[in-house]
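Since the structure comes first, as structure tokens, the remarks are kept for the end.
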Amino acid sequence: MVGSVETTGGPGGRRFDLVIVGAGFAGLYMLYRARQQGLDAVVIERGSEVGGTWYWNRYPGARCDIESVDYCYSFSPELVQEWDWTERYAAQPEILAYLQHVADRFDLRDDIVFERTLVRADWGEAERSWTLRLDDGSHLSCTHVVMATGNLSAVKPPSFDGLDDFAGEWFHTGMWPHHAVDWTDKTVAVIGTGSSGIQVITQVAPLARHLTVLQRTPNYSMPAHNRPLLAGELAEVRATFGERRRVCQLSDAGTPLPPPTRSAHEVTEDERRARYEEGWQRGGISALSGGYTDFFTEEQSNLWAQEFARDKIREIVTDPDVADRLSPRHHIGTKRTATDTGYFEMYNRANVDLVDVRDDPISHIEASGIRLESGRLVEVDVIVFAIGFDAMTGALADIDIRGTDGLTLETAWADGPRTYLGLQTAGFPNLFMITGPQSPGVLSNMVISIEQHVDFVADCLAYLREHDLDRIEASEEAQDGWVVHTRELAEGTLYLQARSWYLGANIPGKPRVFMPYVGGCGRYRTECETVVDNSYRGFVLG
Ligand code: FAD
């Protein structure tokens, strides 16, 4: 066991009040809140360090796409004052250093067990506790479990035939090695043009001898306009941090940008283009999507912005054929929009090629490279798989979770995830998820959503203790209502038209169910507050 926490003792293992799985943004804050309440809590983490996403995704170019000053905790005013973000969008090493600092500053490491994976969880009704089995065969038990296992933490493994025969090196962006990769004089293929692919391409293209990008679906990418943060800017943010944070919490996406007030139909074409241009110059993930109220609900509103984005690609990319192949056709935002620094410009380099694997799919991998169905061989020394994750449900599906009467989560979610508020699933008492499916999570600044969920769970645990209760479970009825509500909200949008990971479309066999809550952080927060104000309406307490 790595870490100083003793987890053994007794047939079901040592009994804790709370076991938290995962030591990313969510798990660390959950432990902090549990400690404040004097709970006997422990974190189980597969990695050998804290950080979660920012521990695993060490690929060149990895950085956040929410501004650093917002992509951080707010629970400690001292922490806000003392941590100096250096860039508008912090790079992975800086975010990891921040989370390490948080772990040290609040002495969290003492209660984290590293290099252990939770493989099975069984609810015992008689004992009113969960028995957890770790990958080393050890057990522990607890009254409550919090799954802080992450939405983008179960990597989609490369499933190409022949990968074992490949003579070169290969990497997955979501499981990047800790050693530096030498790109000098190497021929490289990057498979995938989602957010990670786009980030890695801009870093590797200038270093490698040759880079081939294998693209299935072109993606929208907004300029980040990343830059160093000036001391004055940080001071200004700090001076009004509480207010800024409140704006984020009540917004749709968890960011401080003023919400749009008009439909794209209410303005002239010139006004629209001026607004898109202003967004493009400001940069960031919502550069275009933040412009008009009907952006996600009305096809034409989105189409106008798409045309603007495609014009930008044509302006940047000098070869019209390449520009065309890089031009996305889906509605902006219905697949995760990327942000970049010089992404489209990379295709003007003589050492970068674009291969469209929708037209000419990958057949298999062989010793010297990637063989396409046309027979063409893309010869490479290094392959980077930027193929993403089994998002939102993957990390939970990897654990054999058994609730009341042996009901497995796999069975309960056979037709797609079913939750109440994205926090609990009926049949799994005392088990909470942080940013679970059917909560705003991945459509928001996730730290805003994480803090809100952790606060909900921590306050709920305190409420149970105050009322001498030790069991809480979402009712089937409340869950059914929430599932219908989240589906109806999504049906009123353009989201359902894209084959996105929000819908599980990137994972063969995964039910095609739209998983995030599209109502926005502010509305969702109000829903949760109403539930609490009504003595946890929709949950059965005992
Ligand atoms: P994670 O950080 O994913 O942590 C979960 C932890 O649980 C992991 O360390 C994992 O090892 C552990 N774990 C999982 N299962 C088990 C198990 N069975 N046993 C033991 N341990 C387990 N979000 C934004 O809002 N803005 C951004 O700019 C942004 N950029 C991103 C960039 C990348 C490359 C990626 C992949 C994601 C990004 N995200 C971003 C989403 C990001 O995942 C969240 O913002 C946030 O870091 C999630 O924190 P978390 O604690 O919920 O989960």
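The values are calculated or read from the model by the stated rules, or taken from the named source; none is laboratory data. Bear in mind that the values here come from a model prediction, so they are computed numbers and not experimental data. Because the Cβ atoms are built from the backbone with ideal geometry, glycine has one as well, and the counts that use them run over all protein chains shown.
Report, by residue number, each residue of region 68-84 that is touching a Leu at 6+ places or on another chain (Cβ under 9 Å), within 13 Å of the ligand (Cβ to nearest atom) and of a type outside the set (Gly, Ala, Ser).
Hits for region 68-84 are VAL69, CYS72, TYR73.
Counting only residues that are within 15 Å of GLN424 (Cα to Cα), among the polar types (S, T, N, Q) and near the ligand (Cβ under 10 Å from one of its atoms), how many does region 434-452 have?
Qualifying residue count, region 434-452: 1.
Just to be sure I understand the filter: pairs with C-beta atoms under 9 Å, separated by 6 or more residues or on different chains, first member in region 273-286 and polar (S, T, N, Q) and surrounded by 14 or more Cβ atoms within 10 Å (Cβ to Cβ), second member part of a helix (DSSP H, G or I) and at pLDDT 95 or above. Which pairs pass?
That search, which allows pairs on different chains as well, returns SER286/GLY279.
Kindly state which strands (runs of 3 or more DSSP E) lie completely within region 396-476 and contain at least 1 residues that are of a type in the set (A, V, I, L, M, F, W, C), within 20 Å of the chain's Cα centre (by Cα) and closer than 23 Å to PHE75 by Cα. Before the answer, list the steps.
Numbers: elements: 400-402, 431-433, 472-474.
Per the criteria, 431-433.
Of ALA395, ALA458, ALA474, ALA426, which residue is among the aliphatic types (A, V, I, L, M), touching a Lys or Arg at 6+ places or on another chain (Cβ under 6 Å), surrounded by 19 or more Cβ atoms within 10 Å (Cβ to Cβ) and in contact (Cβ under 8 Å) with a residue 12 or more places away in the chain?
ALA458
Might you check whether a residue that is more than 20 Å from the chain's Cα centre (by Cα), modelled with pLDDT of 95 or more, farther than 17 Å from VAL384 by Cβ and assigned to a loop (DSSP other than H, G, I, E, B) occurs anywhere in region 241-248?
no
Within region 25-44, how many residues are assigned to a loop (DSSP other than H, G, I, E, B) and in contact (Cβ under 8 Å) with a residue 40 or more places away in the chain?
2
For the structure I just gave you, tell me whether ASP324 is surrounded by 15 or more Cβ atoms within 10 Å (Cβ to Cβ) and among the acidic types (Asp, Glu). Even if it seems obvious, please write down each step before you answer.
Working: surrounded by 15 or more Cβ atoms within 10 Å (Cβ to Cβ): no; among the acidic types (Asp, Glu): yes.
It is false that ASP324 is surrounded by 15 or more Cβ atoms within 10 Å (Cβ to Cβ) and among the acidic types (Asp, Glu).
Examine region 481-504 for a residue that is modelled with pLDDT of 95 or more and more than 24 Å from the chain's Cα centre (by Cα), and state whether such a residue exists.
Yes, region 481-504 contains at least one residue that is modelled with pLDDT of 95 or more and more than 24 Å from the chain's Cα centre (by Cα).
Quick check, is VAL484 touching a residue at least 12 places away in the same chain (Cβ under 8 Å), among the hydrophobic types (A, V, I, L, M, F, W, C) and out of contact with any Asp or Glu (no Cβ under 7 Å at 6 or more places or on another chain)?
Criteria not met by VAL484.
Being crowded, with 24+ Cβ neighbours inside 10 Å and within 16 Å of the ligand (Cβ to nearest atom) is the requirement here; does MET147 meet it?
Here the answer is yes, as MET147 does meet what is asked.
Out of the residues in region 403-423 meeting the condition of being of a type outside the set (Phe, Trp, Tyr) and surrounded by 20 or more Cβ atoms within 10 Å (Cβ to Cβ), tell me which one is farthest from LEU354 (Cα to Cα).
Among them, the one singled out is GLY403.
How many residues, within region 181-202, are over 22 Å from PRO328 (Cβ atoms) and either assigned to a helix (DSSP H, G or I) or not polar (S, T, N, Q) (or both)?
Total meeting the criteria: 6.
Is it the case, given these coordinates, that PRO93 is away from the ligand (no atom under 12 Å from the Cβ) and under 23 Å from the mean Cα position of the chain (by Cα)?
Here the answer is yes, as PRO93 does meet what is asked.
Considering only region 79-101, I want to know if a residue exists there that is over 29 Å from GLN199 (Cα atoms), hydrophobic (A, V, I, L, M, F, W, C) and either surrounded by fewer than 21 Cβ atoms within 10 Å (Cβ to Cβ) or free of Cβ contacts under 8 Å to residues at least 40 places away in the same chain (or both).
Among the residues of region 79-101, not one is over 29 Å from GLN199 (Cα atoms), hydrophobic (A, V, I, L, M, F, W, C) and either surrounded by fewer than 21 Cβ atoms within 10 Å (Cβ to Cβ) or free of Cβ contacts under 8 Å to residues at least 40 places away in the same chain (or both), which makes the answer no.
Which of the following residues is touching a strand residue (DSSP E or B) at 6+ places or on another chain (Cβ under 8 Å) and either near the ligand (Cβ under 10 Å from one of its atoms) or closer than 15 Å to ASP110 by Cα (or both): GLY38, GLY52, GLY27? Step through it out loud before you land on a result.
Working: GLY38 fails: touching a strand residue (DSSP E or B) at 6+ places or on another chain (Cβ under 8 Å); GLY52 fails: touching a strand residue (DSSP E or B) at 6+ places or on another chain (Cβ under 8 Å).
Selected residue: GLY27, the only one of GLY38, GLY52, GLY27 that is touching a strand residue (DSSP E or B) at 6+ places or on another chain (Cβ under 8 Å) and either near the ligand (Cβ under 10 Å from one of its atoms) or closer than 15 Å to ASP110 by Cα (or both).
Does THR411 satisfy the condition of being among the hydroxyl-bearing types (Ser, Thr, Tyr), more than 16 Å from the ligand (Cβ to nearest atom), free of Cβ contacts under 8 Å to residues at least 40 places away in the same chain and over 30 Å from LEU163 (Cα atoms)?
yes
Here is a list of conditions, (1) assigned to a helix (DSSP H, G or I); (2) without any contact (Cβ under 8 Å) to a residue 60 or more places away in the chain; (3) among the aromatic types (Phe, Trp, Tyr), and TYR524 meets all of them except one; can you say which number that is?
In the conditions (1) assigned to a helix (DSSP H, G or I); (2) without any contact (Cβ under 8 Å) to a residue 60 or more places away in the chain; (3) among the aromatic types (Phe, Trp, Tyr), TYR524 misses (2) alone.
Residue-by-condition table, conditions (1) among the β-branched types (Val, Ile, Thr); (2) modelled with pLDDT of 95 or more; (3) away from the ligand (no atom under 15 Å from the Cβ):
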residue: THR117; (1), (2), (3): yes, yes, no
residue: GLY124; (1), (2), (3): no, yes, yes
residue: TRP130; (1), (2), (3): no, yes, no
residue: LEU134; (1), (2), (3): no, yes, no
residue: PRO158; (1), (2), (3): no, yes, yes
residue: TRP170; (1), (2), (3): no, yes, yes
residue: THR173; (1), (2), (3): yes, yes, no
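Within region 45-74, count every residue that is under 23 Å from LEU257 (Cβ atoms) and assigned to a loop (DSSP other than H, G, I, E, B).
11
Would you check if LEU489 is away from the ligand (no atom under 16 Å from the Cβ), farther than 22 Å from HIS331 by Cα, in a helix (DSSP H, G or I) and not hydroxyl-bearing (Ser, Thr, Tyr)?
Judged against the criteria, LEU489 is not a match.
Within region 133-180, count every residue that is within 26 Å of MET392 (Cα to Cα), touching a Phe, Trp or Tyr at 6+ places or on another chain (Cβ under 9 Å) and not in a loop (DSSP other than H, G, I, E, B).
Number satisfying all stated conditions: 15.
Restrict the check to region 216-237 and report whether at least one residue is touching a helix residue (DSSP H, G or I) at 6+ places or on another chain (Cβ under 9 Å), more than 29 Å from PHE295 (Cβ to Cβ) and assigned to a strand (DSSP E or B).
no
Does region 377-388 contain any residue that is under 19 Å from GLN479 (Cα atoms) and assigned to a loop (DSSP other than H, G, I, E, B)?
No, the conditions are met nowhere in region 377-388.
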